[in-house]
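One structure is given here, and the rest of the page talks about it.
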Amino acid sequence: MEKIIREQKETGVQAAAAQNDFSKGSVAGNIMRMAVPMTMAQLLNVLYNIVDRIYIGRIPGASTMALTGVGVCFPLITLLSAFSDLFGTGGAPLCSIARGRKDNKRAGEIMGTAFFMLVVTAIILTAILQIFQEPILYAFGASSETYGYAADYMRIYSAGTIFMMISLGMNAFINSQGFGRTGMMTIAIGAVLNIVLDPIMIFGMGMGVKGAALATIISQAVSALWVLRFLTGKKAILRLTRESIKFRPKMAGEICGLGLTGFIVNFTNSSVQLACNKMLSIFGGDLYIGIMTVLNSVRTVTSLPVQGVSNASQPVMGYNYGAGEGIRVRQCIHFLTVVSLVYTAGIWLCVVIFPSFWIHLFNSDPVLLQDGVPALQLYFFGFVMMAFQFAGQAAFTALGKARQAVFFSLFRKIVFVVPLTIALPYVGGLGVNGVFLAEPVSNFVGGLACYITMYLTVYRKLGKKQ
């Protein structure tokens with residue numbers, strides 16, 4: 001009887017593995033089959049913070065200052081997400097490549113090593129944020145008027161760092177095995193819970209921004225438990241076991257080398273947010289930090305579908321690359337490029353035609369709306385060029401081209417956005433407009449540079465291989 005049960009389990013795992021063999025079937029079909037649940041998962045994940053901003057922006061008598069105070073925390077939250085990406089997006093593509101080579105033992109060891117590093121890093125980051133909260137928040141742009149809101153939010157949020165890192169970082173390993181719907185459920189469970197708890201704790205219990213933070217970490221804790229339950233359960237192709245959870249120096253180096261791309265993307269985003277907060281506090285004050293908080297929220301929401309397709313293409317590209325299917329990898333890149341261009345062009349038109357709609361999602365303050373509309377249109381000018389950054393970056397990351405992926409992450413943000421954010425406000429009296437112009441300029445230069453390099457060094461070579 002035990003033998004029969006064991007054989008049935010093995011048959012189930014083999015069937016799941018065959019179903020998630022990305023070297024078979026339509027390339028576009030494989031990507032979209034992963035993209036729909038992964039995009040939904042990302043949308044629901046963003047709701048953790050977006051819903052907070054929507055409710056906080058409507059706290060009676062303190063909406064703008066509360067929103068600005070929480071906006072000061074966003075560079076820190078982005079920085080925490082960067083560490084999740086360091087180990088999650090670093091390990092997951094390596095898992096996909098190992099699976100494509102039928103080396104499940106190595107794939108399981110990669111996952112265990114990544115989990116070990118996630119937990120240890122989360123503990124260290126929590127301690128740092130709890131001990132040095134005040135100087136960190138003032139360094140990130142808090143003022144005497146907004147520090148109280150920022151401190152209330154971050155003190156509670158940082159206590160749940162380990163839940164956030166496990167739910168985001170380890171969910172990448174669920175997706176890398178082809179279980180896109182399960183990965184979506186990871187985020188859906190927490191996001192729905194957060195949506196329910198937010199109004200109860202913010203308004204019903206009168207906790208304000210503290211309630212928003214508490215609702216978020218409770219939701220993330222539930223998501224983390226869901227991830228661990230699946231990865232240690234019978235349905236996973238690769239299981240997280242006690243034996244696999246340990247530090248392997250060489251493997252850790254490979255994970256960090258590839259994950260450095262995702263880390264730098266978020267780290268540089270944090271740096272950009274920090275630079276923006278500093279320059280806006282000089283040239284515009286707390287109101288414009290609030291406006292930037294809204295603009296970042298709009299960009300996050302509108303980028304989700306194209307990021308979902310981009311992330312979904314990575315396990316498909318990685319699997320086919322590991323299986324030696326170069327032509328199919330090219331088809332993945334081509335499909336991702338076309339979809340990204342069409343989508344970003346459509347979003348840019350929506351922002352140009354209906355700017356007030358996007359601002360109203362997060363705040364109804366007439367002053368913020370008046371100054372926010374021209375800032376939004378300026379900030380989104382050239383958004384379509386991000387399509388090239390998405391496609392080029394996805395190809396480099398999926399194929400394990402760590403150095404190129406890291407370089408172009410740094411190139412767009414650190415070489416262009418941060419210096420331009422600091423310099424442009426002083427050019428021709430641009431002031432706050434200079435801060436908002438830095439993003440579209442970097443989209444043009446960074447996006448084209450990334451894609452052209454990918455085309456010349458990766459795409460053309462793949463075309464010569466079957």
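The values are calculated or read from the model by the stated rules, or taken from the named source; none is laboratory data. Here the structure is a predicted model, which means the values were calculated and not measured. Here Cβ is always computed from backbone atoms with ideal geometry, including for glycine, and neighbour counts include all displayed protein chains. These accessible areas exclude ligands, DNA and RNA; they are computed on the full protein's heavy atoms, side chains included. Shrake-Rupley method; radii C 1.70, N 1.55, O 1.52, S 1.80 Å.
Numbers for the structure displayed
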quantity: Condition check for Leu137: out of contact with any Ser or Thr (no Cβ under 6 Å at 6 or more places or on another chain) and either under 28 Å from Gly178 (Cβ atoms) or open to solvent by 50 Å² or more (accessible area, probe 1.4 Å) (or both); calculated: no
quantity: Residue within segment 292-305 that is under 27 Å from Pro355 (Cα atoms), among the hydrophobic types (A, V, I, L, M, F, W, C) and open to solvent by 50 Å² or more (accessible area, probe 1.4 Å) present; calculated: no
quantity: Restricting segment 306-323 to residues that are open to solvent by 40 Å² or more (accessible area, probe 1.4 Å) and over 22 Å from the mean Cα position of the chain (by Cα), the residue that is modelled with the highest pLDDT; calculated: Tyr321
quantity: Test: residue in segment 199-207 that is of a type outside the set (Lys, Arg), within 24 Å of the chain's Cα centre (by Cα), within 24 Å of Ala66 (Cα to Cα) and surrounded by fewer than 17 Cβ atoms within 10 Å (Cβ to Cβ); calculated: no
quantity: Helices (runs of 4 or more DSSP H) fully within segment 356-466 counting 2 or more residues that are closer than 27 Å to Val309 by Cα and out of contact with any His (no Cβ under 7 Å at 6 or more places or on another chain); calculated: 366-379, 386-398, 402-410, 432-454
quantity: Answer from Gly190, Gly211, Gly253, Gly262 - the residue that is part of a helix (DSSP H, G or I), open to solvent by less than 20 Å² (accessible area, probe 1.4 Å) and free of Cβ contacts under 8 Å to residues at least 60 places away in the same chain; calculated: Gly211
quantity: Filter pass, Ile333 being crowded, with 21+ Cβ neighbours inside 10 Å, farther than 30 Å from Ile136 by Cβ and more than 18 Å from the chain's Cα centre (by Cα); calculated: yes
quantity: Among residues of segment 46-59, those that are open to solvent by 20 Å² or more (accessible area, probe 1.4 Å) and at pLDDT 70 or above, counted; calculated: 5
quantity: Segment 409-444, subset among the β-branched types (Val, Ile, Thr) and under 16 Å from Val265 (Cα atoms), residue surrounded by the most Cβ atoms within 10 Å (Cβ to Cβ); calculated: Val417
quantity: Selection count, segment 87-104, where residues are in a helix (DSSP H, G or I), over 14 Å from Gln314 (Cα atoms) and modelled with pLDDT under 85; calculated: 1
quantity: Condition met for Leu274 (open to solvent by less than 20 Å² (accessible area, probe 1.4 Å), touching a residue at least 24 places away in the same chain (Cβ under 8 Å) and either touching a Phe, Trp or Tyr at 6+ places or on another chain (Cβ under 9 Å) or closer than 30 Å to Arg58 by Cα (or both)); calculated: no
quantity: Unmet requirement for Val338, which otherwise passes all of (1) outside any loop (DSSP other than H, G, I, E, B); (2) open to solvent by less than 30 Å² (accessible area, probe 1.4 Å); calculated: (2)
quantity: Test for Phe383: is it more than 25 Å from Asp52 (Cα to Cα), in contact with a Phe, Trp or Tyr (Cβ under 8 Å, 6 or more places away or on another chain), at pLDDT 85 or above and open to solvent by less than 40 Å² (accessible area, probe 1.4 Å); calculated: yes
quantity: Count - residues of segment 261-274 that are over 17 Å from Asn443 (Cα atoms) and modelled with pLDDT of 80 or more; calculated: 2
quantity: Subset of segment 214-234 that is more than 16 Å from Ser158 (Cβ to Cβ), free of Cβ contacts under 8 Å to residues at least 60 places away in the same chain and in a helix (DSSP H, G or I) - its residue that is most open to solvent (accessible area, probe 1.4 Å); calculated: Arg229
quantity: Failed item in (1) of a type outside the set (Asp, Glu); (2) in contact with a helix residue (DSSP H, G or I) (Cβ under 6 Å, 6 or more places away or on another chain); (3) modelled with pLDDT of 80 or more; (4) under 27 Å from Ser81 (Cα atoms), with Phe335 passing the rest; calculated: (4)
quantity: Criterion violated by His360 - all others in (1) open to solvent by less than 50 Å² (accessible area, probe 1.4 Å); (2) without any contact (Cβ under 8 Å) to a residue 40 or more places away in the chain satisfied; calculated: (1)
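Residue-by-condition table, conditions (1) modelled with pLDDT of 85 or more; (2) open to solvent by less than 10 Å² (accessible area, probe 1.4 Å); (3) within 24 Å of Asn266 (Cβ to Cβ):
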| residue | (1), (2), (3) |
| --- | --- |
| Ile156 | yes, no, yes |
| Ala159 | yes, no, yes |
| Gly169 | yes, yes, yes |
| Val196 | yes, no, no |
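Quick grid of which residues meet (1) over 27 Å from Thr182 (Cα atoms); (2) assigned to a helix (DSSP H, G or I):
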{"site": "Ala236", "(1), (2)": "no, no"}
{"site": "Ile245", "(1), (2)": "no, no"}
{"site": "Ser270", "(1), (2)": "yes, yes"}
{"site": "Leu295", "(1), (2)": "yes, yes"}
{"site": "Thr302", "(1), (2)": "no, yes"}
{"site": "Asn311", "(1), (2)": "no, yes"}
{"site": "Met317", "(1), (2)": "no, yes"}
{"site": "Tyr321", "(1), (2)": "no, yes"}
